[in-house]
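Contents: one structure, followed by commentary.
The values are calculated or read from the model by the stated rules, or taken from the named source; none is laboratory data. Please read all numbers here as calculations on a predicted model, not as lab measurements. A quick note on method: Cβ atoms are made from the backbone with ideal geometry, for glycine too, and the neighbour counts reach across all protein chains shown. Heads up: the accessible areas ignore ligands, DNA and RNA and are worked out on the full protein's heavy atoms, side chains in. Shrake-Rupley method; radii C 1.70, N 1.55, O 1.52, S 1.80 Å.
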Amino acid sequence: MPRVLLAALALCFAAGVAADDPADVARKADAAPKAAAKPAAKPAAKKPVAKAPVKPTWAELTAEQQQILAPLKDDWENLAVERRKKWIGIAKRYPGMKPEEQARVQRRMQAWAKLTPEQRRQARENYKNMAKVPPEQRGDRRQKWAEYQSLTPQEREELTQQEKKRR
């Protein structure tokens, strides 16, 4: 979306420049050195712009959505619109899930809420990278991950140190 907006802005700017009369452009170019000789005026003080609250706010969620999404309550106001919509979509599907699936969703939501923004960014990046891996190789990576998970904290640390030395 931001790329589209930037492209549209660039096109508008280019169209405005192209629409200028060549004589006006030349006049402006001649006036530019004179304007540069004048001392620069202080830029106008920018008034702080109050951000409109991102919708839906926590209060605008239904009681059922609030109950389902409770682990995200503290962080809800910091979530972008797209993220809120994804979580609301999960909340809509939640009642139709089996109890085991609901428990899994709640566990993952709680774990997600505990992550730092950097850890979340990394998790999203890992997910995107994993989606690019052919399905036959995903099983191999899952197996390696399971093996890593079974290591003791000391073994994990040793492995991390070995990887740092290798780089």
Please go through the stretch 93-145 and give me each residue that is modelled with pLDDT of 95 or more and among the aromatic types (Phe, Trp, Tyr), ordered by number.
TYR94
Can you tell me which of LYS92, LYS55, LYS132, LYS85 is under 14 Å from the mean Cα position of the chain (by Cα) and open to solvent by 50 Å² or more (accessible area, probe 1.4 Å)?
LYS85
Condition broken by ALA123, with the remaining ones in (1) small (Gly, Ala, Ser); (2) surrounded by 12 or more Cβ atoms within 10 Å (Cβ to Cβ); (3) within 22 Å of THR57 (Cα to Cα) satisfied
(3)
Has the stretch 140-158 got at least one residue that is open to solvent by 90 Å² or more (accessible area, probe 1.4 Å), charged (D, E, K, R) and within 23 Å of the chain's Cα centre (by Cα)?
no
Could you list, in sequence order, all residues of the stretch 103-120 that are under 13 Å from PRO71 (Cα atoms) and either of a type outside the set (Lys, Arg) or open to solvent by less than 80 Å² (accessible area, probe 1.4 Å) (or both)?
ALA103, VAL105, GLN106, MET109, GLN110, ALA111, TRP112, ALA113, LEU115
